[in-house]
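Heads up, the thing below is written out as structure tokens.
Only the coordinates and a few stated rules stand behind these numbers; no lab work does. Bear in mind that the values here come from a model prediction, so they are computed numbers and not experimental data. Here the Cβ positions follow ideal geometry from the backbone for every residue, glycine too, while neighbour counts run over all protein chains shown.
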Amino acid sequence: MGRSVTYKILEEHLVEGTLSAGEEIGIRIDQTLTQDATGTMAYLQFEAMGIPQVKTEISVSYVDHNTLQTGFENADDHKYLQTMNSNFGIYHSKAGNGICHQVHLERFGKPGATLLGSDSHTPTGGGIGMIAIGAGGLDVAVAMGGGPFFLACPRVINIKLTGRLRAWVSAKDIILKVLQILTTKGNVGYVVEYTGPGVETLSVPERATITNMGAELGVTTSLFPSDAVTKKFLEAQGRAESWRELLPDTDAAYDRVIELDLSELKPMIACPHSPDNIKDIGELKGMKIDQVAIGSCTNSSYKDLMIVARILKGRKAHSDISFVVAPGSKQVFQMLAENGALADIIASGARIMESACGFCIGSGQAPVTKGISLRTNNRNFEGRSGTADGQIYLVSPEVAALSAIKGELADPLDYDAAGFPRVDMPEKFSIDDSLIIPPSKTKTAIFRGPNIGEPPYTEPLADEIRGVIGLKVGDKITTDHIMPAGQRLKYRSNIPEYSKYVFEGVDPEFAARSLENRKKNIFTIIAGGLSYGQGSSREHAAICPMYLGVRAIMAKSFERIHSGNLVNFGILPLVFKSEADYDRISQGMDFSMTGLIEAVKRGSLITVNTGGTLIELELLATQRQRGILLAGGLLNYTRNSI
């Protein structure tokens, strides 16, 4: 039986375990990336390990999330990152150079390599044939130190593409269709691999859009083969030596096959408040809108914004619309400026934003109260935009640009196909890496501002834990629910301060209540529903609850990255043996758990006593992860190993 691209790469990088679906494996990591919102803590953790230099082929630190310097915190953290990176063999991409995923695709990504990133949209790298996986910052720190990354050996869903996209239908519509089919939950432990004759019709930026937003599926990663299209892209980036052909065997085995005829797809839209709440644009066309925002790591490539510029050329955005455009990288920005496309965008009335994550993470450009915002980014979780009742819809750049002109949701299929602005990929990209600072050959002083703290201390697992069920929540709780982004991200290096905002938008009193209990040795359990921990790889959604005294999460199911982060910080991820037990508990109940050490060692069921009601739960942890939990977290475990 032949092999998929997924299994070819995993086999080349396997260092522990066997390639048997569902079994834990350890793989060698070639490259890592971090961004400033999660990377600062990752580098503090790396320092705490006492390893003098990174051991990967290349590690890159990007500043792209908290670029606004409205106080000293972000500026101090950026200087810490640059000086720390210089000392430990890490490349540093400065603020203004662009969004990590866009820049990494342009300047560092390598077909057949493994990439681990402290950002959930790291799978963007799958657009050029990488196994690119999002993880918590501590996992990335361990990988930088030469440690393997552990994951469940995946099952592979093959999405076989046939046909060709017609005018006005885009790569964004492909991934929205996949989200409609697979939804955001139930896909843990899978990789999505795209094959078929339709693949060769898609450029690398289009492929990257699809793999980027594959993160919303909850899969381990998504990837395309590395072919002639990939080669041409890398040659245009001046990196022909990075290319290798990587195709699936003709008789490759897959666990599930889904066929998509690209010629039959229509423009689609993800409605509030989930990326899988999908409708055809035609069902909502004419909807009045308040804002259009084009950019983010999903749709801010040169090709995306050239299409936008050609749609806007000679036209004006509707006077009722707040309209912003953010190029994804300095390279994109510069090329738009050089060929005049930027002037066309500006002339339309668009405000030009920095090449950064910006509005996608709620860092500026929040819509008006109850405002309807069309965005080209990847997530539309409730409140993420910075406006609690904002109504965020996810669309393609084509839909966004046409709608900005019209002042209402436009259906591109109402426009003449002959008028569609087809854009060819450039033969050569503009290359200027002056904002990427290489590692220093000599040691220099590391700058540490007052907002820089230490990685929080965790204790080995106690045999008995007593406390209170501090919060009960429903399905699809995201890391944005747990740890708000936007203006709060400036506290990412200061755990005591950031912890004040845990579940701020769900229960504003939760943090203070839990911390006060913790001082009295009263610990906290959180009860959740299906797909707990969707969204960002933000490990602060585990660190900060741990700091407040959260020692376990009981849920109907967990998402992969978050469950791993919980283990990394000594929090027990517990799955209800019977989902009906979720209904038997309520917020405020006292609880007790005894005999934990033996139960964790053996992997047996863990019983929680809530006022005389016994709830049986399964610990979501491998044998290795049980050792991490016993040690109190991955940092303790790694220190002990070293």
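One table, with the values for the structure above:
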{"item": "Inter-part distance where the range 1-37 and the range 325-380 are each reduced to a Cα centre, Å", "result": "35 Å"}
{"item": "At R0 = 51 Å, FRET efficiency that the Cβ-Cβ distance of Ala337 and Asp463 yields, to 0.05", "result": "0.20"}
{"item": "Summed side-chain charge close to Gln331 - residues other than Gln331 whose Cβ falls under 10 Å, Lys, Arg +1, Asp, Glu -1", "result": "-1"}
{"item": "Anisotropy class of the range 1-152 from Cα gyration tensor, a/c 1.5 cut", "result": "prolate"}
{"item": "Mean-position separation - Cα centroids, the range 568-583 and the range 196-257, in angstrom", "result": "36 Å"}
{"item": "Protection-proxy order for peptides 414-427, 553-566, 222-235, each taking the mean of Cβ atoms within 10 Å per residue, highest first", "result": "553-566, 222-235, 414-427"}
{"item": "Sequence of Leu596, Leu312 once ranked by neighbouring C-beta atoms within 10 Å, starting from the fewest", "result": "Leu596, Leu312"}
{"item": "Per-residue ³J(HN,Hα) for the range 304-310, Karplus 6.51 cos²θ - 1.76 cosθ + 1.60, θ = phi - 60°, Hz, x for Gly and Pro", "result": "4, 7, 5, 4, 4, 4, 6"}
{"item": "For the chain, calculated [θ]222 nm from helices alone, where every DSSP H run of n ≥ 4 adds -39500 (n - 2.57)", "result": "-8000 deg cm²/dmol"}
{"item": "Radius of gyration and Dmax over the Cα atoms of the range 171-214, both given in Å", "result": "10.8, 30"}
{"item": "Rounded to whole Hz, the Karplus (6.51, -1.76, 1.60) HN-Hα couplings of the range 553-570, x for glycine and proline", "result": "10, 9, 8, 6, 6, 10, 8, 4, 4, 5, 4, x, 5, 4, 4, 4, 10, x"}
{"item": "Cα-based helix-to-principal-axis angle, 171-182 vs the chain, degrees rounded to 10", "result": "40 degrees"}
{"item": "Relative packing of 362-371, 30-39, which averages over residues the other C-beta atoms within 10 Å, highest first", "result": "30-39, 362-371"}
{"item": "Under-5 Å amide H pairs with Lys160, H placed in peptide plane, nonlocal only", "result": "Thr195, Ile258, Glu259, Leu260"}
{"item": "Arg351 long-range amide H proximity, modeled H, under 5 Å", "result": "Phe323, Val324, Val325"}
{"item": "Interchain or long-range residues, amide H under 5 Å from Gln35's placed H", "result": "Tyr62, Ser118"}
{"item": "Cβ charges +1 (Lys, Arg) and -1 (Asp, Glu), total dipole of the chain, debye", "result": "720 debye"}
{"item": "Of Lys79/Lys472; Lys370/Lys406; Lys443/Lys500; Lys177/Lys601; Lys8/Lys266, pairs whose Cα-Cα distance is over 31 Å", "result": "Lys79/Lys472; Lys443/Lys500; Lys177/Lys601; Lys8/Lys266"}
{"item": "Centroid-to-centroid separation of the range 487-529 and the range 164-186 [C-alpha atoms, Å]", "result": "37 Å"}
{"item": "Cβ charges +1 (Lys, Arg) and -1 (Asp, Glu), total dipole of the range 461-589, debye", "result": "240 debye"}
{"item": "Largest-first ellipsoid semi-axes for the chain, taking √(5λ) over the Cα gyration tensor eigenvalues, angstrom", "result": "38, 27, 25"}
{"item": "Prolate/oblate/rounded label for the range 465-641 (Cα gyration tensor, a/c 1.5)", "result": "rounded"}
{"item": "Val600, Val308, Val63 arranged by Cβ crowding within 10 Å, fewest neighbours leading", "result": "Val600, Val63, Val308"}
{"item": "Derived scalar couplings ³J(HN,Hα) [the range 511-523; Karplus, 6.51 cos²θ - 1.76 cosθ + 1.60; whole Hz; x for Gly, Pro]", "result": "4, 5, 4, 5, 5, 5, 4, 4, 5, 9, 6, 9, 8"}
{"item": "Cα gyration tensor category, rounded, prolate or oblate, for the range 268-419 with a/c compared to 1.5", "result": "oblate"}
{"item": "Met593, Met130 arranged by Cβ crowding within 10 Å, fewest neighbours leading", "result": "Met593, Met130"}
